[in-house]
Amino acid sequence: MYEKIQATAQWLKEKITSKPETAIILGTGLGRLADEIEVTDRIPYSEIPNMPVSTVEGHSGCLLVGKLGGKDILAMQGRFHYYEGYSMKEVTFPVRVMYELGIKTLFVSNAGGGTNPDFNIGDLMIITDHINHFPENPLRGKNFPTGPRFPDMSEVYDKELIRLADSIAKEKNIKVQHGVYLGTQGPTFETPAEYKMFRLLGADSVGMSTVPEAIVAHHCGIKLFGMSIITDIGVEGKIVEISHEEVQKAANAVQPLMAEIMREMIRRS
Ligand code: HPA
């Protein structure tokens with residue numbers, strides 16, 4: 001796997017003329033940020049050696065290279081989910097490649113079900129910590145030389161970036177929540193009993209992504225910032241039927257606000 005990562009990074013290094021230190025995984029809620037990137041290169045995943053191909057509706061698969069907020073950036077338009085059948089190593093492969101390309105800061109977003117009773121649909125939650133509820137840890141197996149065998153996880157989400165996001169949100173009058181994101185395998189949404197269990201475990205938002213990438217980014221020493229859009233509510237008495245389309249719709253409604261915060265963070269960081 002390590003050789004594959006290096007071969008992919010080498011292929012990309014020959015293709016990319018800039019030297020970006022910032023990357024974005026354009027998950028749910030950040031799709032429109034892609035339109036603001038001054039794209040110099042759009043590389044379909046299918047052309048990138050060893051890259052898995054994204055299948056899920058609403059996530060097209062392209063690596064974008066360009067400028068945002070005056071900075072050289074890389075953006076993944078489409079990510080790989082465990083529920084699609086990829087292994088944890090495949091899900092986190094792009095983050096490993098990013099590290100090899102010299103990425104120092106990573107921005108991620110996702111959609112989540114709110115388990116915190118104070119949350120509402122359309123809230124933006126800055127991820128302050130996570131719970132890995134996937135059946136596997138992406139670092140399982142031979143340790144990669146990017147970090148220790150038993151990595152510290154006391155600050156996966158960079159506190160300075162969180163402070164920066166808070167001050168930008170305040171300036172722009174955008175309400176943000178803070179909370180713990182619990183990543184679970186999906187593809188099922190939760191039963192009421194499962195939402196309740198996740199709340200008892202300490203989750204504020206529950207979703208099917210981000211945690212694997214966060215663990216690997218941290219193992220690589222990449223500074224991380226993440227936000228979750230609360231697209232549905234998993235609180236007893238407030239639970240209603242949901243679908244992928246409704247999640248997308250709720251996310252689309254607030255994505256300009258999330259995009260504004262992230263763009264400004266990139267400009268200032
Ligand atoms: N559960 C899991 N994943 C999700 C949810 C949810 O309620 N909402 C958006 N993604």
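The values are calculated or read from the model by the stated rules, or taken from the named source; none is laboratory data. What you are looking at is a predicted structure, and each value in this text was computed from that prediction instead of being measured. Reconstructed Cβ throughout: ideal geometry from the backbone, glycine too, with neighbour counts over all protein chains shown. In case anyone asks, the SASA skips ligands and DNA or RNA and just uses the protein heavy atoms, side chains included. Shrake-Rupley method; radii C 1.70, N 1.55, O 1.52, S 1.80 Å.
Roll a 1.4 Å probe over the protein heavy atoms and report the accessible area of LEU164 in Å², nearest 10.
The accessible area of LEU164 comes to roughly 40 Å².
How would VAL216, VAL39, VAL53 rank on accessible area, largest to smallest, probe 1.4 Å?
VAL53, VAL39, VAL216
Lysine pairs, Cα distance under 25 Å, 8 or more residues apart or cross-chain: how many in region 96-255?
Pairs that pass both the separation and distance tests number 17.
How do THR115, THR17 rank by accessible surface area computed with a 1.4 Å probe, from largest to smallest?
The ranking, largest first, comes out as THR17, THR115.
Please report the carbon-and-sulfur percent of the accessible area for region 67-115; probe 1.4 Å, protein heavy atoms only, DNA, RNA and ligands left out.
Working: 570 of 1160 Å².
Its accessible area is 49 percent carbon and sulfur atoms.
Considering only protein heavy atoms and a probe of 1.4 Å, how much of the accessible area of region 131-235 is carbon and sulfur, as a whole percent?
55
How much accessible surface area, in Å² rounded to 10, belongs to the heavy atoms of THR188 with a 1.4 Å probe?
THR188 exposes around 90 Å² with every protein chain in place.
Using a 1.4 Å probe on the protein heavy atoms only, what accessible surface does LEU30 show? Give it in Å² to the nearest 10.
LEU30 exposes around 0 Å² with every protein chain in place.
Would you compute, from DSSP H runs of 4+ residues alone, the mean residue ellipticity of the chain at 222 nm, taking -39500 (n - 2.57) per run and dividing by the full residue count, rounded to the nearest 500? Write down the numbers at each step before the final one.
Values: 8 runs with 88 residues, N = 269.
Result for the chain: -10000 deg cm²/dmol, rounded to the nearest 500.
Ignoring ligands, DNA and RNA, how do HIS178, HIS81 rank by accessible area with a 1.4 Å probe, largest first?
Descending accessible area places them as HIS178, HIS81.
Mind checking region 1-85 for GluC sites (Glu not before Pro) that DSSP puts in a loop (not H, G, I, E or B) and that have at most 13 other Cβ atoms within 10 Å?
Values: sites: GLU3, GLU14, GLU21, GLU36, GLU38, GLU47, GLU57, GLU84; in loops: GLU21, GLU57.
Answer in residue order: GLU57.
Treat each spin label as a single point 7 Å out from the Cα along the C-beta direction, and report the THR40 to THR191 distance in nm.
5.3
Can you list residues whose amide H is under 5 Å from ILE233's amide H, if they're 5+ apart or on another chain and H is modeled 1.01 Å from N?
Residues meeting the amide H criterion: GLY114, VAL240.
Please calculate how many Å² of accessible area the chain carries per residue, with a 1.4 Å probe and no DNA, RNA or ligand atoms counted.
Per-residue value: 44 Å².
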